Amino acid sequence: MTGAPARTLLLWCPDWPVLAAEIVDGVPATGPVAVLHANRVVACSERARAEGVRRGLRKREAQGRCPQLTVVEYDPGRDARAFEPVVAAVEELVAGVEVVRPGACAVAARGPSRYLGGEEAAAERIIEHVAQSCLVESQVGIADGVFAAGLAARAGRVVAPGGTPEFLAGLPVEALGRSALADLLRRLGVRTLGDFAALPAGDVLARFGFDGALAHRLAAGRDHRPLAVRQPPADLTVTSEHDEPIDRVDAAAFVARALAEQLHERLAGHGLACTRLGIEAVTEHGQELHRVWRHDGLLTAAAIADRVRWQLDGWLSGSNGRAGARAARPTAGIIRLRLVPDGVIAQAGLQAGLWGETGEERERAHRALSRVQGILGPEAVVTAVLGGGRSPADQVRLVPWGDHR
């Protein structure tokens, strides 16, 4: 089993898709604004909420509640591009910032709390600096683990060390961000995260599957990341060199897609998957840029490409924040792009062996064992390996599955 989740400081900007539309496209966020994806509201302004607009409403119903509603289409690239100045502002105070998603970034709380005078002082300092640099309102939460820190940020709270399970226990199951699971849990009479956390882990895995088991760990305040985290081999990093500097977003998107597929194939070849991605760029003038993107699940090739494209868009466009705040725009075009799988896990469903070299049965078996090991820890799933010795007990030894190769 893992130790306690690390103390995490997470900065969250409320209604970020709405604010990004104002920063990039000039849509006034003070008015009734709704951001739509697939004809449903995914974010709305405070003025729109006052008129009865809520997330999940269809466009027609939202406009019926607020006839003056300004509708904006969801654009994750715009959100990421507008968020880059905020991340750059946070990096002026603390190191090791990870982008959780556009509108939220996280950092280990230990460093900032030590040199900024404590956790609450660090939170106040970061909020103030972002407000002054970007004219963006934000909230900071600190708790044990990224998930709890994100919920604490919505309440603007600093949860005491060790108090995360108690903090989470009273929150509704909708806080998990899994609407289908939350609806099912409520129909079963499970209404709070505390109720969900009290269920036996084995029963949760059997009834709700792997994602439900991960959500169960979140509800209990335990680290939701898979436990068999390994340092990637040195040859997993992928790099592209360019004679013609990249200075246009469309060219960057093409490069991002190709490099993401290359990285994903290389990881799959080692039976690994990426959970945290480092994006590094070098310009024609020798300027070095770096950003880390965090992801709760496994990054597919498409997800890697999206994050690389968003980041390059943010760098190359150098979008203006409020009051002229600007991200660290390169001084010249990019001539080298490098993707570093900063966090990887064993994706054993991609590995050969055990029940043959091919076939759906082998892949399903590997995937099931990987999921159980990811939930219960590497020592919970073991493989019998033949050794020496005279007695049967000496001839067979048990090693964590995945290490037997």
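The values are calculated or read from the model by the stated rules, or taken from the named source; none is laboratory data. Since the structure is predicted, the reported quantities are computational estimates derived from the model, not experimental observations. Quick reminder, even Gly has a Cβ in these numbers, built from the backbone with ideal geometry, and neighbours come from all protein chains shown. Surface areas here come from the heavy atoms of the whole protein model, side chains and all, with no ligands, DNA or RNA. Shrake-Rupley method; radii C 1.70, N 1.55, O 1.52, S 1.80 Å.
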What FRET efficiency comes out for the pair Ala6/Phe254, r = Cβ-Cβ distance, R0 = 25 Å, nearest 0.05? 0.10
Ser179 versus Glu91, label points 7 Å from Cα toward the beta carbon: distance in nm? 3.4 nm
For Thr239 and Asp195, compute 0.36 nm times the residue count separating them, minus their Cα-Cα distance, and round to one decimal in nm. 11.1 nm
Tell me the volume per residue, in Å³, of the convex hull enclosing the alpha carbons of the range 173-218. 61 Å³
Given points 7 Å out from each Cα along the Cα-Cβ axis, report the Arg49 to Ala332 separation in nanometres with one decimal. 4.7 nm
Simple spin-label estimate for Arg110/Arg154, 7 Å along Cα→Cβ, in nm, reads 2.9 nm
If packing is taken as the mean number of other Cβ atoms within 10 Å per residue, what is the order of 105-111, 71-77, highest first? 105-111, 71-77
Cα-based shape type of the range 238-346, given that a ≥ b ≥ c are square roots of the gyration tensor eigenvalues and the cut on a/c is 1.5: prolate
Accessible surface ranking that places the most exposed of His285, His242 first, with a 1.4 angstrom probe: His285, His242
Accessible area (Å², 1.4 Å probe, nearest 10) - Phe208: 40 Å²
Hey, with R₀ at 56 Å, roughly what FRET efficiency would Leu188 and Asp247 work out to, going by the Cβ-Cβ distance, to 0.05? 0.55
